[in-house]
Structures are given as C-alpha cells and as structure tokens.
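Inspection log for the structure reproduced underneath, given as structure tokens.
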Amino acid sequence: MSEEKTAIDIGRVVDEQKIGVFNISLLVFAALASVVDGYDIFVPGFIAPELIKAWGVSPGDLGSMFGIGMIGIIIGAPLFGWFGDRYGRKRAIVLGSLLYGVVSLGSLAATSIGQFTALRFLIGLGLGGVIPNALALVSEFTPIRYRASFMMLVVLGVPIGQLLPGFVTAAFVPQYGWKILLVVGGIGPILVAVLVQFVLPESIKYLVLRTSRFAEVKRLVQAMQPAIPLMENSRFIIPEPLIAAKISPAKLFSDGLALITPLVWICLSMALLAVYFTASWLPAVLQAAGLTTQQAALRAVYFGAGGVFGALCFTLFVHRLGVAAVALGFIISVPLVVCIGISGLSTTLISALTAGAGFCIFGIINGMESIMGTLYPTAIRSKGIGWGLGVGRLGSTAGPVLGGYLVGMKFTNFQLFLAPAAFLLVGSALFVVLAALCVRRFHGMQLNDEVAIHGATVMGTVGE
C-alpha cells in the first residue's frame, strides 16, 4: 500500500468525529480546572475585608495586594502558554495547578500584608497558566462546528468559581476564620492536578511531532474515530504550522491580524478591569456600609451568579450571532454598572442590577476568550490565548488597584462605579471597530479558524 493511502489527516479526524464520552470527559475536567482557577482568582475579594479587620491594613495596601497577584497572572499566562506549546498543554495545566495550590496553602503562614502580597504573586503565576492551556487543549480535540461552544463552556468555570468564595465565606468564615478560604483554595488545585495527570490526554497535534509517542497518537485517533484503520506504517499529518517553539509572537500580528490582535487585547482589558474592580471591592464596600460578613458575601454572590448565567447564555448568543453578541454585551453593561452605585435603591433592585452587570461582563469575557481560540491556527493558538489573556489582564491589575485608591479617597458608591463604567464605554466603542475588522476577515460575524490558516500546509509526521 502506498504511503499516501496510509497518511491520516489529524485535522479531519478531529473535525469528522462524533461528540461522545471522550469529548465530554475532556470538557468536564477542563471546566473543573477552570472552576478551581476562578475560585483562587476571586477569593482575595472576600479575604480583603477580613484583613482590614484582622491586620488593620488600608484599602491602598489591599489594592497593591490585588494588583501584584494579577501581575503574576500577566506573566504566567504567556510563560505557561510558551511552556504548553513546547512541552505539552497537559503538563502546563498540572504544573500551574500544583504551583498555585501549594503556595496557597503556604500562605497560611503569612503574618503581614507584605508576605501575603509576595505569595499572591507566586499564586498568580500558576493561575495564569491553567486557563490558556485548558482552552487550547479542548480546542484541539473538538470538531470545528462545536469548538466555540466547548471553549465557552470551559471558561464558564471562572464565574462558577467566583461564586464559591462567597458561599465558603458565609458558611465557614464566622466559625473557622478567614484562613479557611486559603485552605479550600490550596486543596482544590492540587486535586485538579492529580485528576488532570491521570485523566486528560495530551494534545494530539502536539504529539504528532513527537516520533517517540506514536502509540499515544494511535490511541487518541481510535478514541475519536474507532473505525479508522491504523497500521504500523500509518503516517499522521497536520495541515498547518505546529512547531510553536520556532514561531515568533510577531505572527499574532501577521496575515491580517495587525489591528485585530491589539484591539482584542484592549477590549478584553476593559472588560477585565470592570470585573476585577467590582469583584475585588464589592464585599468590602458592602461591609463598610454596615452589612455583616455573611450578608456581604451572599450579596456579592449575585454578581457571580449573573456571570454564570451570562457566560452560559453567551455560549448560545455567540454561536448564533458571532461577534455581534459581544458588542451588544459591551453596550448594555455600561448603564448597569453605573446603576449599581446609585444610593437609595431597594435591595431587590440592587441585587438585580448587580446580577445583570455580572451577566453582561462575564459574557463579554467568555465570548472574547472564545474568539481568541478561533482567530489563530494551532501553531500559535496557545501563544495567542496566553498573550491575549496576559496583556488583557493589564485591566484586571488596574481594576483593584484603582478601586483601592478610590475607596481610600472616600469616594461615594456612585463615584466608585463610574470608573469601571467609563472603561466599559471605551471597550464598547473599540469593539465595534474590532467587529467590523472580523467581518471583513472572516466574511461574516462568525469566526472560523480555517480562514486564519490561509491554506498553509506544513506537515508534521510520526511513525515514518
């Protein structure tokens, strides 16, 4: 039999498979890693008011603590993105989870805000590496017709994770103290690392270039399409560049991406600023207004609950409307965030406005992360997501730091929430431009990473 007859296109194997147990299990465990990630990203907002009471720290000091943690995420995202491209997505997820889990447990010994802040930086490094690689791994095993939806379901874990610190705070902090939040935040990612190591596969497109792992490629191909006949002389091909270690980040700006990539980064940064501003300071602001620890924690849960529902709904919105759904989310979020700070509103109305703001903003973020997963071909996908989240998270660094400054200046609630609303307004205007560029590049509102490949046919082989 000729070599051509035994060549198997991995891209076609992935795209022509039927969704089954293999895909669903991959999705579930990747989403679980995202849930735990979300918990540890947002738990400082629930620790903050307890530190104010226990250590007597100022809002400005807490803003710096939030900010340095996000700087760790900014560095960790491209760092682990590179690691995932070079050494495997699965390894990157395990290493990142272990790092921030162990350091979270270690931070129980911190006795000052300085020590706690330094440890939050290390936690941030690990946090930054998990979601980009989980998204890339799911993307590379999912048929293109379901890819955007699966990736959005993975990211849905982040707002779900944000709900958990509120419930842990309300249920356990009054009895066990605020350090119970760190215990949960440390054990969770360590368990995830163990599960990922023994359950999740490595990226098949990554394995194709490793000739020593031919047997693993065969097992994964048979898991996706059992009917495909495989022989010892089978040759697997990847119809796109895959040697990420030799690909410069400059590729993120080539082939029509020169304006699209920076606009994605800026718009994502605006949305993340609004999320982290609100999530970081809402519990502290509510406690300062006279609510108990339990009351403030449960009220803050509305923001995360709206985010879960919004991220889930945006899975359907983006599937049907493409980039238009994210544009609408940006525009609607502005008045909702402004209204959160209006005094004299009923408890029910404030809760509804907070949930609505979470719905839109988390939906925006979920949609944009899905967009990044389809803008770039596999060779630079993890790099593209990593750099996008890393640079975009400049906003998530600025959000809590700005909040600490404004809280320290004794701004009213209305004045406080004008800040994130203003940045969302800027994001709305820029995303309209981004949507127009995407329509021109992809010939419609829907994105398709096959267009991004531009017909390149660089093959990697194993088993030759």
key: Spatial separation of Cα centroids for segment 16-38 and segment 154-173, in angstrom   = 20
key: Helical mean residue ellipticity (222 nm; -39500 (n - 2.57) per DSSP H run of 4+; nearest 500) of the chain   = -26000 deg cm²/dmol
query = What nm distance separates the two modelled labels at N413 and S25, each placed 7 Å from Cα along Cα→Cβ?
reply = 4.9
task = Let me have the relative contact order for the chain, percent, based on Cα pairs under 8 Å that are six or more residues apart.
result = 27
Of L252, V168, V154, farthest towards positive along the dipole that unit charges on Lys, Arg, Asp, Glu beta carbons give the chain = V168
task = Between K18 and A429, take the C-beta separation as r, use R0 = 35 Å, and let me know the FRET efficiency to the nearest 0.05.
result = 0.25
note = Amide H contacts under 5 Å for I8, restricted to residues at least 5 apart in sequence or on another chain and with H modeled in the peptide plane, are R235, F236, I237
ask   = Which of the peptides 404-414, 112-122 is most tightly packed, and how do the rest follow, going by the mean number of other Cβ atoms within 10 Å of each residue?
value = 112-122, 404-414
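Among the listed pairs K179/K205; K53/K383; K383/K410; K18/K251; K218/K383, which have their C-alpha atoms separated by more than 30 angstrom in this model?
Checking Cα-Cα distances, K179/K205; K53/K383; K383/K410; K18/K251 exceed 30 Å.
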inquiry  = If packing is taken as the average count of other Cβ atoms within 10 Å, what order do 277-286, 64-73, 360-369, 22-31 fall into, highest mean first?
reply    = 360-369, 277-286, 64-73, 22-31
query = Expressed as a whole percent, how much of the Cα-Cα distance distribution for the chain exceeds 36 Å?
reply = 26
Burial ranking of peptide ranges 46-56, 260-270, 134-144 (average Cβ count within 10 Å, highest at the top) = 134-144, 260-270, 46-56
ask   = F167 to L209: FRET efficiency via 1/(1 + (r/R0)^6), r the Cβ-Cβ distance, R0 35 Å, to the nearest 0.05?
value = 0.20
query = Taking the simple approach of a point 7 Å from Cα along Cα-to-Cβ for both W55 and A352, what is their distance in nm?
reply = 4.0
query = Taking Cα centroids, how far is segment 386-417 from segment 246-284 in Å?
reply = 15
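Coordinate-derived values only; no laboratory data. From a predicted model like this one, the values you see are computed outputs, not experimental measurements. We place every Cβ from the backbone using ideal geometry, glycine too, and count neighbours over all the protein chains shown.
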